[in-house]
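Peer 1: My questions all concern the structure below.
The values are calculated or read from the model by the stated rules, or taken from the named source; none is laboratory data. Keep in mind that this is a model prediction, so the values were computed, not measured. Note: ideal-geometry Cβ built from the backbone for every residue, glycine included; neighbour counts use all protein chains shown. In case anyone asks, the SASA skips ligands and DNA or RNA and just uses the protein heavy atoms, side chains included. Shrake-Rupley method; radii C 1.70, N 1.55, O 1.52, S 1.80 Å.
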Amino acid sequence: MPLQVGVNVTEVDGRASPTLQAAPTSVAGFVGRARRGVPDKAVRVTSLDQFAARFGGHITGGYLPHAVTGFFLNGGREAHVVRVVGAGSVPAQATLNDRQGTPAACLRVTAGSRGAADPGTWAHTLRVDVRDDPRATTTTAVAATAAATSLQLTSTSGVSVGSVLRVASTTTLFRVVTAVDPATRVVSFVTATGEAVAAGVAVTTAEFRLVIRDQDPATGAFEVVETWANLSMQPATPDYAPDRVNHPVTGSRLIVLADLTTSAGPGVDVPAVASGVALAGGTENAVTAGRLLGDTAARTGIHALDTVAVQLLAVPDAHLLDASGRSQTARGAMDYCALRGDAVYVGSPPDRGAPVGTVPRSPADYTETVAHYTETVKTYSAQFQGSKVYGAVYAPWILVADPVGVGPSPVRFVPPDGHVMGVYARTEQERGIHKAPAGIAATIRGAQALAAGFSAGEHDDLVRNGRTNGILSPGGSTPAVAASRTLSTDTRWQYVSTRLLFNFIKATLRDGLRFVRQEPHTEALRKTVRLNVITPFLLGLWRQGAFGSDPAEQVFTVKCDAENNPPADVDLGLFRVEVYVYPVRPAETVHIIVGQQPGGGSAAEA
């Protein structure tokens, strides 16, 4: 760059090294059944209101909405939700007829969102109204002959190329506008009028309006929820109905349109005015383990989360399946987390046994003894235990409010998965990623009671032998998470906090060291990565207490030098960094020793 006479300022990167941006820590991923939502698509939500708007709130035949509710209620801030439906599920539909003498279907209305179909029966409460809604309403300014291929109007406001004019002459004429001259207010078209058109004849454009109404479950009234004005059936125009309504960003959240392309000409192919057209025929079939786990190539089920950052994963609707399907789903979810390397599965065993056909709504409704249930839980969790498992299990189920239940204050028992994930998030926000999400502060908001009250001995058995974390309510207090074990048998990986901390470190290093790629592999680069990038990040965690209270040099090591980057590896383009840390462990078992000591008094001879 040539310098000018005077002061010249040039900006450079300088010697500063990039700093590591901490990876997300408590973003949840939920996979399961919902009232509505485009299947196999991860949708980010940051509140219960957003979840209700996108997925329709609670349902009677699934646990996913309760899990999401529990997550946000207990401190969660961000989640990605994937709706899964059974094979063969179809969306509700309706067809609108055109304006021919013998009407034909011209527009298909399908339940959907932003251009994608949304199967199920949820849309059976929708109603569609069609109204004329012209962009332009004007009159002819001068008379025209039958051979005329243009008309002079009193105003061309709202008329553009592609507009269909509806001319109320002796007969109703429809012509597609090919040119507009605003100065002379003349509009042109290809086909002659075919009849003389007098001055002062009404002219409108042939747009229509779609009004979508949904039934209020409380009042039964059909309230307007969406309105789509000035729609056209002319392709390649800005108002073309399918393009506007199906737009992936600004389109409808409720319907998808398909042009059925009838033989009717322009203007006649517009849907006829109608009221209260119902969508029908929607079905939703039962989910299976295969549908929940999904397909890697198609990115369905759990794999819809492949492209988003989640650190916690729950599939509560695995409990809708039989024993084999439930275990298959849990196993697949844990394997998925291990393959990602940055997520933990949070699950639960089956509910405590109750009479067939009974939906427990009180602890008294269960017939299986707590002692037997303890063995059931241990048997369930044993099938997933291994040296290093990216998963944790919590028991028992919890009693929560049921918004779609019957009665004055309906409740039901649900898996604690989502509520516990909320505790994870709250603990991380309040204490840090290294703090075990258990203890006196790990209360479960929204939990009114527990399906089983474990004794101290039963809980010890669950934790030590079943590697299952109990939820306890000592003395009738608010239920709280009382342990923080993973399903790992290797003692180095047996605590949830250790797994969360290592996932956090790995994700931060993976994302933060991207700048190293394609840089010249020199000792200066290795020194920069070791001393200026990774060490400050680990020092920050050490100051938070993530590695205990020993000196920093004793609890973490960063190696990136010529020894672990020999010339042979450098020639192959390899750059190796080794990071070793000592994670702080939770004080899981407290041993209090109480005894007597000799008194301080003494006797003396007078």
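Peer 1: Helix 323-340 sits at what angle to the longest principal axis of the chain, using alpha carbons and giving 0 to 90 degrees rounded to 10?
Peer 2: The answer is roughly 90 degrees.
Peer 1: Further, regarding this structure: How high is the relative contact order of the stretch 137-205, in percent, counting Cα pairs under 8 Å that sit 6 or more residues apart?
Peer 2: Computed value for the stretch 137-205: 46 percent relative contact order.
Peer 1: How much of Trp542 can a 1.4 Å solvent probe reach, expressed as accessible area in Å² and rounded to 10?
Peer 2: 70
Peer 1: Give me the count of lysine pairs in the chain whose alpha carbons sit under 27 angstrom apart, restricted to pairs 8 or more positions apart or on different chains.
Peer 2: Lysine pairs meeting the criterion: 11.
Peer 1: Considering amide H positions built from the backbone, and no H for Pro or chain starts, which residues 5 or more places from Ala483, or on another chain, come under 5 Å of its amide H?
Peer 2: Residues meeting the criterion, in which the H sits 1.01 Å from N, are Gly439, Gly470.
Peer 1: If you average 1/r over every pair of different alpha-carbon atoms in the stretch 519-594 and take one over that average, what Kirkwood value in Å do you get?
Peer 2: 14.5
Peer 1: Here is a further query. At a 1.4 Å probe, what is the % contribution of carbon and sulfur to the accessible area of the chain?
Peer 2: Accessible surface attributable to carbon and sulfur in the chain totals 53 percent.
Peer 1: Give the residues of the stretch 245-271 whose amide nitrogen is closer than 15 Å to a point set 7 Å from the Cα of Ala229 in the direction of its Cβ.
Peer 2: Under cut-off, by backbone N: nothing.
Peer 1: For the stretch 333-417, what does the relative contact order come out to in percent, with C-alpha contacts under 8 Å and a separation of six or more?
Peer 2: Computed over the stretch 333-417, the figure is 36 percent.
Peer 1: If you don't mind, another one. Give me, ordered by chain and number, the residues 5 or more places off Cys106 or on other chains with an amide H under 5 Å from its own placed amide H.
Peer 2: Hits under the 5 Å cutoff: Leu96, Asn97, Asp98.
Peer 1: Loop sites only, by DSSP: take the GluC sites (Glu not before Pro) in the chain that have at most 11 other C-beta atoms within 10 Å and name the longest stretch containing none of them.
Peer 2: 12-562
Peer 1: Using alpha-carbon pairs under 8 Å, 6+ residues apart, how would you state the relative contact order of the stretch 519-594 in percent?
Peer 2: 32
Peer 1: Nearest 0.05, what FRET efficiency do Arg517 and Arg253 give at R0 = 45 Å with Cβ-Cβ as r?
Peer 2: 0.65
Peer 1: Here's a follow-up. Between rounded, prolate and oblate, where does the stretch 137-205 land on the alpha carbon gyration tensor, with a ≥ b ≥ c its root eigenvalues, rounded for a/c under 1.5, else prolate if a/b exceeds b/c?
Peer 2: Rounded, since a/c falls under 1.5.
Peer 1: Can you give the helix-only mean residue ellipticity at 222 nm for the chain, where every DSSP H stretch with n ≥ 4 adds -39500 (n - 2.57) and the sum goes over all residues, rounded to the nearest 500 deg cm²/dmol?
Peer 2: -6000 deg cm²/dmol
Peer 1: Which of the trypsin sites (Lys or Arg not before Pro) found in the stretch 170-226 are in a DSSP loop and have at most 10 neighbouring Cβ atoms, other than their own, within 10 Å?
Peer 2: none
Peer 1: Please list Phe502, Phe556 in order of solvent-accessible area, largest first, computed with a 1.4 Å probe with all protein chains present.
Peer 2: Phe502, Phe556
Peer 1: Given N residues in the chain, what is Rg(Cα) / (2.2 N^0.38 Å)?
Peer 2: 1.33
Peer 1: Can you give me the solvent accessible area of Ser324 with a 1.4 Å probe, rounded to the nearest 10 Å²?
Peer 2: Estimated to the nearest 10 Å², Ser324 gives 80 Å².
Peer 1: Moving on to the next point. Which ³J(HN,Hα) values in Hz, rounded to whole numbers, follow from the phi angles of the stretch 433-446 under the Karplus curve 6.51 cos²θ - 1.76 cosθ + 1.60, where θ = phi - 60° and Gly and Pro get x?
Peer 2: In residue order, the calculated couplings are 5, 7, 7, 4, x, 7, x, 5, 8, 8, 5, 9, 5, x Hz.
Peer 1: Among residues other than Glu226 whose Cβ falls under 13 Å from its Cβ, what is the net charge (Lys/Arg +1, Asp/Glu -1)?
Peer 2: +3
Peer 1: Sticking with this structure for a sec: For the stretch 205-212, take each phi angle, set θ = phi - 60°, evaluate the Karplus expression 6.51 cos²θ - 1.76 cosθ + 1.60, and give the result in whole Hz per residue in order, putting x for glycine and proline.
Peer 2: Running phi through 6.51 cos²θ - 1.76 cosθ + 1.60 with θ = phi - 60° gives 8, 9, 8, 9, 10, 10, 10, 9 Hz.
Peer 1: On average, how much accessible surface per residue is there in the chain, in Å², for a 1.4 Å probe, leaving out ligands, DNA and RNA?
Peer 2: Per-residue value: 46 Å².
Peer 1: Sequence-distant or interchain residues sharing an amide H contact under 5 Å with Val27, placed H: which?
Peer 2: HN-HN under 5 Å from Val27: Gln311, Leu312.
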